[in-house]
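J.: Got a structure for you, questions after.
The values are calculated or read from the model by the stated rules, or taken from the named source; none is laboratory data. Quick caveat: nothing in here was measured; it's all calculated off a predicted structure. Cβ: placed from backbone, ideal geometry, glycine included. Neighbour counts: every protein chain shown. Accessible surface is based on the protein model in full, side chains and every heavy atom, while ligands, DNA and RNA are left aside. Shrake-Rupley method; radii C 1.70, N 1.55, O 1.52, S 1.80 Å.
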Amino acid sequence: MLLAMPLGAQNKKAMATIYDYKALNNKGIEVDFSQYEGKVLMIVNTASKCGFTPQYDGLEALYKKYQDQGLVIVGFPCDQFAHQEPGSDEEIAEFCRLNHGVTFPLMSKIEVNGDGAHPIYKYLKSAAKGTFGSAIKWNFTKFLISRDGKTVKRYAPTVTPEKMEKDIQEML
């Protein structure tokens, strides 16, 4: 016997947004992404010992420039690429603060690929596939999410935060 899903459940599943997810911040506190509803979100997987690590400076500059207009940048440290994020959540936060003046939210270290990929990254990868499939290829892959949570744009690690500014302005 085939059981049908209630119509509301089908619609909710089909219309999932980033606001349906939760994650732990770097202090171990659960963050409900519904608190960012109505904001433009940039989500980026980060690493402290990567050739792209200087992008923290550009990310922080954009955050300071546009946070009052509704931009929120959220960093998800990840150690899946050449062991470039070996530190603890506390060590990562201190490195980011001392070396790059980071004030935007940092989450607890996660995986972005494979069976252990965080649900937020499973969602992001399905919402905006990359050039060669959905897998995250390296640190500092960036996702820009519109205020309604429905439009998700994906940027390669080589795209600097500064090159995203026009898209950010259009979403704001």
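J.: Compute the Cα gyration tensor for segment 32-144, then decide on rounded, prolate or oblate, letting a ≥ b ≥ c be the square roots of its eigenvalues: rounded whenever a/c is under 1.5, prolate when a/b is larger than b/c in the other cases, and oblate in all that remain. Intermediate results must be reported in sequence, preceding the final value.
T.: Numbers: a/c = 1.60, a/b = 1.08, b/c = 1.49.
It is oblate, given that a/c is not under 1.5 and a/b is not larger than b/c.
J.: Leaving ligands, DNA and RNA out of it, rank T17, T160 by accessible area with a 1.4 Å probe, largest first. Please report the intermediate quantities before stating the final value.
T.: Values: T17 15, T160 45 Å².
Ranked from most to least accessible, the order is T160, T17.
J.: Right, here's the next one. With θ taken as phi - 60° and the coefficients 6.51, -1.76 and 1.60, list the Karplus ³J(HN,Hα) couplings across segment 161-172 in order, rounded to whole Hz; mark glycine and proline as x.
T.: Each residue's phi maps through the Karplus curve to give x, 4, 6, 8, 4, 4, 4, 4, 4, 5, 6, 6 Hz.
J.: What is the set of long-range amide H partners of I73 at a cut-off below 5 Å, with H atoms built 1.01 Å from backbone N?
T.: Amide H neighbours of I73: M42.
J.: Pop out the ³J(HN,Hα) list for segment 16-31 in order, Karplus 6.51 cos²θ - 1.76 cosθ + 1.60 with θ = phi - 60°, rounded to Hz; leave Gly and Pro as x.
T.: Listing the rounded values in order: 4, 10, 4, 6, 8, 10, 9, 7, 8, 7, 6, 9, x, 9, 5, 10 Hz.
J.: Which of the aspartates and glutamates could be linked to K65 by a straight reach, that is with a Cα gap under 18 Å, when you skip same-chain ones fewer than 8 residues away?
T.: D57, E162, E165, D167, E170
J.: For segment 77-91 and segment 51-72, compute the distance between their C-alpha centroids and round to whole Å.
T.: That distance is 20 Å.
J.: Another question, if that's okay. If the only charges are +1 at each Lys and Arg Cβ and -1 at each Asp and Glu Cβ, what is the size of the charge dipole of the chain around the Cα centre, to the nearest 20 debye? It would help to have the intermediate numbers written out before the result.
T.: Details: 21 positive and 20 negative charges, 128 e Å.
Rounded to the nearest 20 debye, it is 620 debye.
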